[in-house]
Amino acid sequence: MPDAPVPALTWLGEKLRHDWMSKFISGQVEYKPRTWLIGRMPGFAHVADGVALGLSHQHGLPQKEADEPAADAELVAAGQKLIGADGGFNCITCHAVGEQAATAVFEAPAINFAQTAERLRKGYFHRWVLAPTRIDPDTKMPKYADPEGVTQLSDPYEGKGPAQFEAIRQYIRTVK
Ligand code: HEC
């Protein structure tokens with residue numbers, strides 16, 4: 001459904017971290033990730049935890065993601081540059097970053113990166129950014145990597161998309 005007013009449930013169990021999903025389903029997340037949607041989901045406090053767990057298990061994933069060490073400063077700096085306009089992919093045309101609003105939001109409304117780290121599982125982040133239309137054929141988010149995973153930015157990491165996207169992910173982990 002191209003114009004579905006709400007996101008599809010299909011990938012949620014693979015996409016969202018259990019704790020965030022459970023909190024969201026129970027109606028306890030105070031912000032709205034998709035501020036542009038008119039609909040508001042009701043809370044289902046009694047079943048939230050079980051539903052969140054069931055959705056993750058449906059994709060064969062455990063409740064908890066592996067713990068990660070604190071973000072590496074060098075990666076964080078590279079990631080910050082990579083989302084920007086100057087020597088980066090300019091992700092910030094569509095994505096706000098904390099208090100910093102998206103620079104050309106009319107392109108396509110997207111989720112504020114400040115909310116992404118607590119929402120997304122690592123595997124899904126990479127699968128999405130590598131080829132967004134493989135997950136959502138109607139998404140307006142561009143694809144930055146060719147089929148070999150190489151991007152148009154030869155620097156840093158010799159243009160290797162997965163390494164560049166990992167730096168972005170590490171930066172996003174630090175955004176408040
Ligand atoms: C033309 C607009 C646009 C640009 C530019 C863009 N995105 Fe997106 N992005 C989107 C849209 C639309 C979505 C899906 C929003 C939704 O789930 O409702 C999205 C979703 C995402 C998500 C999932 C976020 C979440 O918390 O659910 C990530 C991660 C992401 N983008 C990363 C990136 C990165 C990294 C770049 C730059 C390399 C980028 N995006 C550039 C439009 C864009």
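Computed from the coordinates by the stated procedures, all read-outs in this text should not be read as laboratory data. Since the model is a prediction, treat every value here as computed from it, not as a measurement. Quick reminder, even Gly has a Cβ in these numbers, built from the backbone with ideal geometry, and neighbours come from all protein chains shown.
Can you list the residues of segment 160-174 with backbone N under 14 Å from a point 7 Å past the Cα of V150, pointing along Cα to Cβ? Output list for this probe position: 160-162.
Grab the other residues whose beta carbon is less than 14 angstrom from that of Y31, score K and R as +1, D and E as -1, and report the net. List each step's numbers first, then the result.
Values: positive: K23, K32, R34, R40, R119, K176; negative: E30, E99, E118.
So the environment of Y31 carries a net charge of +3.
For the chain, modelled as a GNM whose springs connect Cα atoms under 10 angstrom apart, the maximal fluctuation among V150, V97, V47 occurs at V47.
When the alpha carbon gyration tensor of segment 77-128 is reduced to an equivalent ellipsoid, the three semi-axes, largest first, read 18, 14, 11 Å.
In what order do M21, M41 fall by count of nearby beta-carbon atoms within 10 Å, going from fewest to most? Let's see the in-between values first.
On the way: M21 23, M41 12.
Arranged by neighbour count, lowest to highest, M21, M41 become M41, M21.
Here is how the number arises for the chain: DSSP H runs of 4 or more residues each give -39500 (n - 2.57), the sum is divided by the residue count, and the result at 222 nm is -9500 deg cm²/dmol. With a simple spin-label model that places each label point 7 Å from the Cα along the Cα-to-Cβ direction, the separation between Y31 and E65 comes to 1.5 nm. Over all distinct Cα-Cα pairs of the chain, the Kirkwood formula returns a hydrodynamic radius of 17.1 Å.
Structure remark: mean-square fluctuation, Gaussian network model of the chain, C-alpha springs under 10 Å; the largest value among G79, G123, G161 belongs to G123. Residue order for K140, K122, K81, fewest other beta carbons within 10 angstrom first, comes to K140, K122, K81. Cβ-to-Cβ counts within 10 Å put K15, K23, K176 in ascending order as K176, K23, K15, the fewest first.
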